[in-house]
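Report on the structure given below.
The values are calculated or read from the model by the stated rules, or taken from the named source; none is laboratory data. Small disclaimer: the values here were computed from a predicted structure and weren't measured. A quick note on method: Cβ atoms are made from the backbone with ideal geometry, for glycine too, and the neighbour counts reach across all protein chains shown.
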Amino acid sequence: MPGSLKTKVSSLVLKEKRGTFVTLHKKGNLRGCIGNIDPTKTILQGVMDNAKQAAFNDSRFSPLSYEELKDTHIEISILTPPEKLDYTDAKDLVAKLRPDIDGVMIKKQYKSATFLPQVWEQLKDPEIFLTHLCSKAGLPRDEWKSCDLNVLVYQVQSFQDKS
């Protein structure tokens, strides 16, 4: 049936402004990951832009070649708006994090970094998770213990090809 509710809902959803990430995996290993936390673009535009950036402009990798494409799987993450996480000390911060649920972004002055919730699969312990996140941000590895970080959390709905 033309113009069915499913089609209209899908079109409307794709026009929502949300943060998005596109992650590329080649033979189970990270091959590129680019995204934006803030909801500045529509889902459709964010996914298109981030897919191109993950494939060709992730500074950790050379541009994706045509030959690699057959071994590359794509994961799309659509983010909820980030929310400030209030905490009193390092112990409280660790207690408030929800492994496998929360994506975490840290900020201090001009440095920041984020890990999507999927990163909990590799870094299950919250203290190790925060240590690696601080390192990614270019901060001292134990900076999360200082209680001087702005911490934001978000959740994702992710989709990936299963080919």
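Tabulated data
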{"read-out": "Residues that are outside any strand (DSSP E or B) and crowded, with 16+ Cβ neighbours inside 10 Å, drawn from region 91-120", "value": "LEU93, VAL94, LEU97, ASP102, LEU116, PRO117, GLN118, VAL119, TRP120"}
{"read-out": "Those residues of region 145-163 which are within 19 Å of the chain's Cα centre (by Cα) and either in a helix (DSSP H, G or I) or closer than 10 Å to ILE106 by Cα (or both), in sequence order", "value": "LEU149, ASN150, VAL151, LEU152, VAL153"}
{"read-out": "Sole exception among (1) closer than 18 Å to ASN150 by Cα; (2) surrounded by fewer than 14 Cβ atoms within 10 Å (Cβ to Cβ) for LYS70, by number", "value": "(1)"}
{"read-out": "Given (1) touching a helix residue (DSSP H, G or I) at 6+ places or on another chain (Cβ under 6 Å); (2) closer than 22 Å to GLY19 by Cα; (3) modelled with pLDDT of 95 or more, number of the condition ILE76 does not satisfy", "value": "(3)"}
{"read-out": "Single condition VAL13 does not satisfy, out of (1) over 15 Å from GLN157 (Cα atoms); (2) more than 16 Å from the chain's Cα centre (by Cα); (3) among the aliphatic types (A, V, I, L, M)", "value": "(1)"}
{"read-out": "LYS124 vs. criteria free of Cβ contacts under 8 Å to residues at least 40 places away in the same chain and under 14 Å from the mean Cα position of the chain (by Cα)", "value": "no"}
{"read-out": "Count - residues of region 1-54 that are closer than 15 Å to GLN118 by Cβ, surrounded by fewer than 16 Cβ atoms within 10 Å (Cβ to Cβ) and modelled with pLDDT of 95 or more", "value": "0"}
